[in-house]
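> Got a structure for you, questions after.
Quick note: the coordinates plus some simple rules give every number you see, no bench work behind them. Here the structure is a predicted model, which means the values were calculated and not measured. So basically every Cβ, Gly included, is an ideal-geometry build from the backbone, and we count neighbours across all protein chains shown.
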């Protein structure tokens, strides 16, 4: 999930269910002052967010950051505005090529503070079909049962 030494703000647990994660990239965000203060109070939702590359720049859309409780009028921000992602040019070009060629999507997995800066874990992902989701759930359940059985065997001892 998030790297060690970081403070998690919000995570998108549904993304791992709906998408097959192929690769992850850490990106910075361009934010306004009241947005950072709202994020320190964990007032963000990334469940319906997605990233798009337009005009050689990466943008995060659909992420909701609630207005900070004491900011009103001039000091407040638009909760659903587009936010620019900070990535290197070669990363943007590589992600754009893969998204265009392989029909993949860019989905945020987690939003967190790292060394005082807000970062987002972006996943290059392939959407799962309904049958694929069921297969993934069945595999996860089978793995869980196997681990439980191994744990019970270890407690009893190897006779």
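> Where in the range 88-111 is the amide nitrogen less than 18 Å from a point lying 7 Å along the Cα-to-Cβ axis of residue 13?
Answer for this model: 108-111.
> Also: So, in nm, how far is label residue 52 from label residue 97 when the simple model puts each one 7 Å beyond its Cα toward the Cβ?
Each label point is offset 7 Å from its Cα along the Cβ direction, giving 2.4 nm.
> Could I ask something else about it? Please arrange 66, 34 by how many other C-beta atoms lie within 10 Å of their C-beta, fewest to most. Can you show the working numbers first?
Numbers: 66 15, 34 19.
The order, fewest Cβ neighbours first, is 66, 34.
> Which one of 94, 40, 13 has the biggest mean-square fluctuation once the chain is modelled by GNM with Cα springs under 10 Å?
With Cα springs under 10 Å in the chain, the top fluctuation among 94, 40, 13 is at 94.
> Then there's this: Would you mind ranking 16, 117 by Cβ crowding within 10 Å, fewest neighbours first? Numbers along the way, then the final one.
On the way: 16 17, 117 12.
So the ranking, lowest neighbour count to highest, is 117, 16.
> Under the 0.36 nm per residue contour assumption, what length would be gained going from the current alpha-carbon distance of residue 78 and residue 61 to full extension? Don't jump to the answer; show the numbers that get you there.
Working: separation 17, 0.36 × 17 = 6.12 nm, distance 1.24 nm.
The span from residue 78 to residue 61 would gain 4.9 nm if fully extended.
> In a GNM of the chain with a 10 Å cut-off on Cα contacts, which of 43, 119, 130 has the highest mean-square fluctuation?
It is 130.
> Which ordering of 46, 118, 36 is given by a fewest-first count of other beta-carbon atoms within 10 Å? Numbers along the way, then the final one.
Working: 46 24, 118 21, 36 17.
Starting with the residue having the fewest Cβ neighbours, the order is 36, 118, 46.
> I would also like to ask the following. Hey, can you rank 79-87, 145-153, 48-56 by average C-beta count inside 10 Å, highest first? Before the final figure, lay out each step's value.
Numbers: 79-87: 16.7, 145-153: 10.0, 48-56: 14.8.
Per-residue Cβ counts within 10 Å, averaged per peptide and sorted highest first, yield 79-87, 48-56, 145-153.
> Another question about this same structure. Please check: in the Gaussian network model of the chain (C-alpha springs, under 10 Å), which one of 14, 101, 45 has the largest mean-square fluctuation.
101
> Assuming 0.36 nm per residue, please report the length gained on full extension of the stretch residue 45 to residue 135 beyond their Cα-Cα distance. All intermediate terms of the calculation are to be shown ahead of the outcome.
Numbers: separation 90, 0.36 × 90 = 32.40 nm, distance 2.79 nm.
Gain on extension, residue 45 to residue 135, equals 29.6 nm.
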